[in-house]
Amino acid sequence: MKRNLILRVLAKILIPTLLLFALYVQMHGDFGPGGGFQAGVIAAAGIVLYSLIFGLQETQKAVPPLLVEIGVPLGVLIYAGVGVVTWILGGNFLEYGVLDSHDSAHGQHLGVMLVEMGVLVTVFSTMIAIFYTFVGRGR
Amino acid sequence: MINFILLIFLAAVTLGIVGLRNLFAIVVLSGGYSFVMATLLIVMDAVDVGMTEAAVGAGVSTVLLLSALHLTSTETGPSKHSNLLPLALVILIGAALIYGTWDLPMYGDPETPVHRHVGPYYLENSVRQTTIPNVVTSVLASYRGYDTLGETAVIFTAGIGVMMLLRGRRKKSDAGGAGQGD
Amino acid sequence: MTDLLNQLNESLGHVNHWITIFLILAGLYIVVAKSNMIKKLVGLSIFQTSVYLLYISPGKIVGGTVPIISEGYAVYSNPLPHVLILTAIVVGVATLALGLAIVVRIKEAYGTIEEDNIYAQDWD
């Protein structure tokens, strides 16, 4: 499909917008609708659009399958890791208040940001991994 | 009023999905169904859920169904058994459920038991305890953070499950000897 | 006139629940009666989305707004069903992905995805 001029121009406008929007939704999840899941799925949709227009080979050069395979468990590790860190610092599992020793509410905010980052990494990597697996079958 | 129109639209799209036999048309209609559902959720003040349903249902779900259609076939065969027994079962269940809805509270009533205890507690204490104005995010990540860890584990399991089932370079023309591709 | 409007308002209060029940029945009928596996998976996903409606419609308060705390608003809709349904949506797409992977393997093993043909191949 990359010889089609209209699709190429539209893709070059839409794909950066989608990735930026995913980052916006992730960061502003505290003040508006959003959060890790929505951001991960929107970013994955941007990469899927790239692969529809420019082909699977180009997409696998931009987002290598090894990176995606590492990303799938990495998000769960980040999330559980925050819990273990709060264990070590003296609180219960996933008690974010102990992350900041002076201000418990600020510790909660920090914990929520780290946790949403972990969710973003896992959701993005899983959607891309499933897409690569389905499309790579039977080649 | 717009609630009512969207609900009727949703029912019409579902009737289309039940009746059609071309799988490609069913997949496109299911994408449209997710879109109408997302609009309905936003009308009901659930903006986080509407955004997720639009991205996941009308985006990822449709892509997955289309790529599975590419690997299998796009037309359903004719049905070989009678549909009378399932229809009777479904009507019976429907009658029982509609009988159950007469006692439910009205739509939008603020005095129902749902709005006691936990909901107002989260609404009042979220900004003071976590400095996050979006109550849905603070409940999801902080008050009920353990459930979100389980949900992330579920996505992780689905990812590895699909990779384990479909890895390997099986050619479509290579019938028989299944399982050698892992 | 107000009597008729009151009666209409009373019965319209349950339209959400009736359409939800209709969607549950449609999803159930597709899963039980149709024999194509991908159509069954689409029916299962319709069944799951009807449950989202079932949970979120009691959470809405007429005159309330989105549960994001901001200046000038006093009444907010209940945020708890939103959280439960966010998890449910993601679990639904995970189920769909795994189900489709299994259907692809079934097609490669049996050559067909119609349930009747698979039973015939297994039991003859």
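Any read-out appearing in this document is the output of simple, stated calculations on the displayed coordinates, not a laboratory observation. All of these numbers come straight from a predicted model, not from anything done at the bench. When we count neighbours, we look across all protein chains shown, and the Cβ atoms used for this are built from the backbone with ideal geometry, even at glycine.
Here are the numbers for this structure:
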{"read-out": "Average partner coverage of C:70-77, which counts Cβ from other chains inside 10 Å", "value": "3"}
{"read-out": "Cα pair count fraction exceeding 22 Å, expressed as % - chain C", "value": "56"}
{"read-out": "Chain B: DSSP helices with Cα axial extent of at least 18 Å and average Kyte-Doolittle hydropathy no lower than -0.5", "value": "B:2-19, B:23-43, B:84-101, B:145-166"}
{"read-out": "Peptide C:37-50, shielding by other chains (average Cβ, 10 Å cutoff)", "value": "5"}
{"read-out": "Burial order of peptide ranges A:98-106, C:23-31, A:30-38 (average beta-carbon count within 10 Å, highest first)", "value": "A:30-38, C:23-31, A:98-106"}
{"read-out": "Cubic angstrom per residue, convex hull over Cα atoms of the range B:1-75", "value": "59"}
{"read-out": "A:Arg3 paired with A:Gln60, simple spin-label distance in nm, labels 7 Å along Cα-to-beta-carbon", "value": "2.3"}
{"read-out": "Of the DSSP H helices in chain C, those whose Cα atoms cover at least 18 Å axially and whose Kyte score averages 0.0 or more", "value": "C:15-33, C:37-56, C:80-110"}
{"read-out": "Net lengthening on full extension, B:Arg116/B:Gln129 (0.36 nm per residue, minus Cα-Cα)", "value": "2.7 nm"}
{"read-out": "The range B:28-85: relative contact order in percent, alpha carbon pairs under 8 Å with at least 6 residues between", "value": "33"}
{"read-out": "Near-label residues of the range B:119-148 by backbone N, under 19 Å of a point 7 Å along Cα→Cβ of A:His102", "value": "B:129-131"}
{"read-out": "Backbone N within the range B:45-79 under 20 Å of label point (7 Å from C:Asp124 Cα along the Cβ vector)", "value": "B:76-79"}
{"read-out": "Percent RCO, i.e. relative contact order, over chain C, from Cα pairs under 8 Å lying at least 6 residues apart", "value": "22"}
{"read-out": "Estimated distance in nm for a label pair at B:Met164 and B:Tyr146, the labels positioned 7 Å out from Cα along Cα-to-Cβ", "value": "2.6"}
{"read-out": "Under 5 Å, built H, 5+ apart or other chain: amide partners of C:Asn36", "value": "C:Glu115"}
{"read-out": "Sites C:Val62 and A:Thr17, calculated FRET efficiency, Cβ-Cβ separation with R0 45 Å, nearest 0.05", "value": "0.80"}
{"read-out": "Debye equation applied to the C-alpha atoms of the protein assembly as shown, log10 I(q)/I(0) at 0.05, 0.06, 0.08, 0.13 Å⁻¹", "value": "-0.20, -0.28, -0.51, -1.24"}
{"read-out": "Relative contact order computed over chain B (Cα-Cα under 8 Å; 6+ residues apart), in percent", "value": "13"}
{"read-out": "Computed helical MRE - 222 nm, the protein assembly as shown, DSSP H runs ≥ 4 contributing -39500 (n - 2.57), nearest 500", "value": "-23500 deg cm²/dmol"}
{"read-out": "B:Ala25-C:Ser70 FRET efficiency (beta carbon distance; Förster radius 45 Å; 0.05 resolution)", "value": "0.55"}
{"read-out": "Sorted by Cβ neighbour density within 10 Å, fewest at the top, the residues A:Glu95, C:Glu108", "value": "A:Glu95, C:Glu108"}
{"read-out": "Amide N of the range C:12-41 lying under 19 Å from the label point, which is placed 7 angstrom from the Cα of B:Ser79 along Cα→Cβ", "value": "C:22-41"}
